[in-house]
Each structure stands twice: as structure tokens, then as C-alpha cells.
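Since the structure comes first, as C-alpha cells, the remarks are kept for the end.
The values are calculated or read from the model by the stated rules, or taken from the named source; none is laboratory data. In this text the structure is predicted, and so the values were computed from the model without any measurement. When we count neighbours, we look across all protein chains shown, and the Cβ atoms used for this are built from the backbone with ideal geometry, even at glycine. Areas reflect the complete protein model, heavy atoms only, side chains present, ligands, DNA and RNA absent. Shrake-Rupley method; radii C 1.70, N 1.55, O 1.52, S 1.80 Å.
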Amino acid sequence: MDGSRTDDTRKAHLEIGGESYDLPIHSPSEGPDVVDIRKLYAQAGVFTYDPGFTSTASCDSAITYIDGDAGVLLHRGYPIDQLAQKSHYLEVCYLLLYGELPTGAQLEDFTQRVTMHTMLHEQMHYFFRGFRRDAHPMAIMVGVVGAMAAFYHDSTDINDPWQREVASIRMIAKMPTIAAMAYKYSIGQPFVYPQNDLDYASNFLQMCFSVPSAQYQVDPILARAMDRIFTLHADHEQNASTSTVRLASSSGANPFACIAAGIACLWGPAHGGANQACLEMLREIGTVDRIPEFIARAKDKNDPFRLMGFGHRVYKNFDPRATVMKESADEVLDLLGVEDNDTLKVAKELEKQALDDPYFAEKKLFPNVDFYSGIILEAMGFPTSMFTPIFALSRTVGWISQWKEQLSDPAMKIGRPRQLYTGPSQRDYVDVENR
Ligand code: SDX
């Protein structure tokens, strides 16, 4: 930990059943103070109650800070819009992993280490072949990443700093290869090997779109847009999938198992699966004249329908990633000469009408990172089923950085929440003939 947490002498005063308790308050380097309840149950015999963790800090972290009211996202203190404009994904990976922007030499060494790990164990090709061709690529990614523990057993000892480092580089390096292989497998095309002379994003694109009979020519602007999408998804504090990785890691599970758990959680439509669900929603809306019908459904308490790509647990202002993504959407579609993209027209008009609607204003619902990303990915040639695998590929560095940070925290304990029990009190067994 970088020790930027300041320990206050201030206390939170709590009175329960005539007894009073003083709970320590800790102040962060940025954001709200926290009330330390770690000794509450031992002292007062009560639990706190916070399903969904809306008011709960689960850990100390120095990696990412989000100010949801101001629409600010910082990675090790650097604003996401500056990183998206001026940096690139592997440099952001270095920043997230090691805490500082690299020197030229450090970046060159890191890039070389990642590049030399992009190939997947050849035996894993047979693992892919056990899936049906129509398997969702996320199902394949969960299985393949979990199975990496069987193929890369020499980097599973979490108590060995060197093995933790190797596992980190392997995960960042191999996720594009695994995602591309899942895509190729689903369309019945042969796997394409990584090319070490290409940058990270260009390599991913060529592994997805090359075939043995024709090498894909990577357009530098598309590669830049792909790289920016990776950067915008790299990390995001203690979101559901990152918290899943941390909880899995707290039991001492190996890194591949922890990342596979994160991928599984990300798949949900309330989380990373929203990018696929959002594009499918925009297609279902189809034309701008049908937008009011869907906005009405989103507001109807009796209708489970929600605007996918809208709303966020933390952002009660614009998601700064969505702003950058929207700019990229215009750029990529212009480049590809996709003028009258109905989906983009519907997205922009839906955003406008929703933001003009009191319901969304009152509930502070704004477009999130998933609202525009699918439009870019579709224009680049990806099917909707590849949207969440690309999110998972991008977020792997965030999961790994948080995993490493947790393992280096001396205060780390196995995560084991309690509950508010609502079931029956103790009762005796009744034989079946007497029921
Ligand atoms: C990601 O945590 C992260 O950081 C995640 C992420 C990351 O980078 O890791 O940012 C990535 O997951 C982005 C979110 C992608 N999901 C979606 O776009 C799915 C649609 N959004 C919602 O399901 C919802 O907004 C969540 C899940 C994102 C947030 O849900 P919360 O914080 O639990 O909020 P809530 O469900 O309690 O909603 C508050 C109110 C409710 O109305 P009331 O019950 O108070 O009357 O707002 C309403 C909700 O009904 N609401 C919506 C809505 N989202 C919330 N109404 C219509 N459409 C929506 N999209």
C-alpha cells in the first residue's frame, strides 16, 4: 500500500441498547471518510446491513479513484480522458500495475515481456475444440482462462512474487489471443497466431480478422480506436467483477481461477454484458420514432425493461468514459464511411430524449461506458457476442492489478460476509409418515 490513508483520531459514536461505542474514522487521500466497523460485532454483537454494498468500502486501494458526482475517473491520479488522448493501453497497464508512468526504457521492457507471452500453449487448442461452435465466446473464455491453471502451473503459487509477476504478464498477454481464438472458433475459421512485430491492438485485430489465405491489413486509425477502447475499460475501482476477483483471491485461489471468476461475473447484463444488451436494445428500437415507447417502458415500474447502457451505481453524472467513447464512435464511423448508421442515430436521439426526461434527471441516470462502445465494435466488424469478451480482455489488467494489490496487503483476510437470517428457528425432524 502507498500509505496515503491518514488515520484520524476522530471517532464515530454509536449507541445501541443503552450501550455506546466509538468507531474509528479513517480519511482517504480522495473521497469520503470511512467508519471502521471491523470490531463492531465483537464489541456490540451486531452486524451492519448493506446488500449490494451501496455504502461499504471493502478494502484499501491506491489504483483507481472515481468521483461519481463530478464524473471523474483517475488511474493512479491521472484522469481517464488524458490517458485516452495521450497514452496507450500497454502504458496504462504499466501504470495500473506498478503505480507510475514508465520511462521509455521501462515501457520498452514491459512491452517486450508482454509480446513474448502472447502465444497460448498449443495443447489448449484442443481444449477449445471441446466446445460447440455456437458456444458464446464468454463461456469459452471462462473455461479456457480457468483451465490455464492446468497448463501454466509454474505461475500459480501466489506466495512467490516472481510467479505472481509471470502470471500477471501471461494474463495480459494471452487474453487477446484467447478472445480472438474464441471468435475464430465460433465462425469456423482457423486460429490465427499473434504477430510479435505488431502493437497490442493491431495484433488483436489481425488475430480476429486475418485468414491463412489473406493477411488482414490493420488500419492505424482503427487500431488506435481499438487501443482506446481497451484503455477506457482497463479498471474501475471495486466493481462487481473486480470484487469477485478479490473475494476469490482472498481464499488463496490461483490467479487463473480468480480471473475466470471475474470473467463470469462480468458477463451479466447489469455489468459488462450491458454492451451486448445495449446494441441489441438499439436494434430492437430500430428507428427514432419508437424511442418514446422504450423510454416509457424504462420508466414503468411494472416493466422489468431498463435502458441498457444507462445508469451507474457510482456515476450520478456523465461517465467520463462514455464521453470519450462517443467521440471515438463519430471518428470510427467517419473513417469507415458509415454515414447513415441508424443505430448511432437512435443512440444519440435516445440519449437526448432520456436526458431531457425528468425521470432520468431525478434518478441521475446518464449513459455509461457500455452505451456507445457496441456501436464502434459493430462498425469494426465484431458480432455482438464479442463485445463482452473485449471488455473482459481490457479489464484483465484491472483485475490483475487489484489482485496483486490485495495479495501485498498485510491486513488481507479471507472475505466472509455475514447475513440477516430470516429462516425458521431450530425445530426437530419429522418422519415422513408423520408429515
Ligand atoms: C458497468 O460498477 C462499475 O463500475 C461497473 C462498470 C465497470 O467499468 O466495471 O462501470 C461497468 O457495469 C456499467 C453498467 C452497465 N449496466 C447497464 O447499463 C445496465 C442498465 N443499468 C442498470 O441496470 C443500473 O443502472 C445499474 C445496474 C448499472 C446500477 O444499478 P444500481 O446502482 O443498483 O441502481 P438501482 O438499480 O438501484 O436503480 C436506481 C433507480 C431505480 O429506480 P427506483 O427503484 O429508485 O424507483 O434507477 C432506476 C431503477 O429502476 N434505474 C433505471 C436504470 N438504471 C437504474 N431505470 C431505467 N433504466 C436504467 N438503465
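Between the amide H of residue 310 and those of 368, distances stay under 5 Å, these residues lying 5 or more places away or on another chain, with hydrogens modeled in the peptide plane. Between the helical axis of 274-285 and the longest alpha-carbon principal axis of the chain there is an angle of about 70 degrees. A protection proxy built from the mean count of other Cβ atoms within 10 Å ranks the segments 159-168, 307-316, 417-426, 213-222, most packed first, as 307-316, 159-168, 213-222, 417-426.
Put simply, when 187-196, 325-334 are sorted by average Cβ atoms within 10 angstrom per residue, most first, you get 325-334, 187-196.
Over the chain, DSSP H runs of length four or greater, each weighted -39,500 (n - 2.57), average out per residue to a 222 nm ellipticity of -15000 deg cm²/dmol. Mind jotting down the distance between the C-alpha centroids of the range 31-81 and the range 93-156, whole Å? The two parts, judged by their Cα centres, are 30 Å apart. Length gained on full extension, residue 339 to residue 153, computed as 0.36 nm times the residue gap minus the Cα-Cα distance: 62.0 nm. Can you compute log10 of I(q)/I(0) for the range 143-259 with the Debye formula, treating each Cα as one identical point scatterer, at q = 0.11, 0.14 Å⁻¹? The computed values of log10 I(q)/I(0) come out as -0.45, -0.71. Note on the chain: Cα convex hull, mean projected area over all directions, 27.4 nm².
Which FRET efficiency value, to the nearest 0.05, do you get for residue 46 and residue 303 by plugging their Cβ-Cβ distance into 1/(1 + (r/R0)^6) with R0 = 56 Å? Could the numbers behind the result be given before it?
Details: r = 38 Å, r/R0 = 0.68.
Efficiency, rounded to the nearest 0.05: 0.90.
Treating r as the C-beta distance of residue 122 and residue 160 and R0 as 30 Å, the FRET efficiency rounds to 0.70. Note that the range 225-273 presents 24 Å² accessible area per residue, ligands and nucleic acids not counted, probe 1.4 Å. One Cα centroid belongs to the range 350-424, the other to the range 322-340; the line between them spans 22 Å. Close amide-amide hydrogen proximity is noted between residue 64 and 76, 237, each under 5 Å apart and 5 or more residues distant or on a separate chain (H modeled in the peptide plane; Pro and chain starts excluded). The slack between residue 217 and residue 430, meaning 0.36 nm per residue of separation minus the straight C-alpha distance, is 69.5 nm.
Note on the chain: with neighbouring protein chains present and a 1.4 Å probe, carbon and sulfur make up 53 percent of its accessible heavy-atom surface. Computed over protein heavy atoms with a 1.4 Å probe, the accessible surface of the range 6-130 works out to 60 Å² per residue. Using alpha carbons only, the radius of gyration of the range 298-368 set against its Kirkwood radius gives Rg/Rh = 1.02. Per residue, the accessible area of the range 325-391 comes to 38 Å², computed with a 1.4 Å probe over protein heavy atoms only. For a straight C-alpha distance cut-off of 24 angstrom, the lysines reachable from residue 348 (same-chain residues fewer than eight places away being disregarded) are 299, 316, 326, 363, 364. Put simply, the amide H of residue 10, placed in the peptide plane, has neighbours under 5 Å in 25, leaving out anything fewer than 5 places away on its chain.
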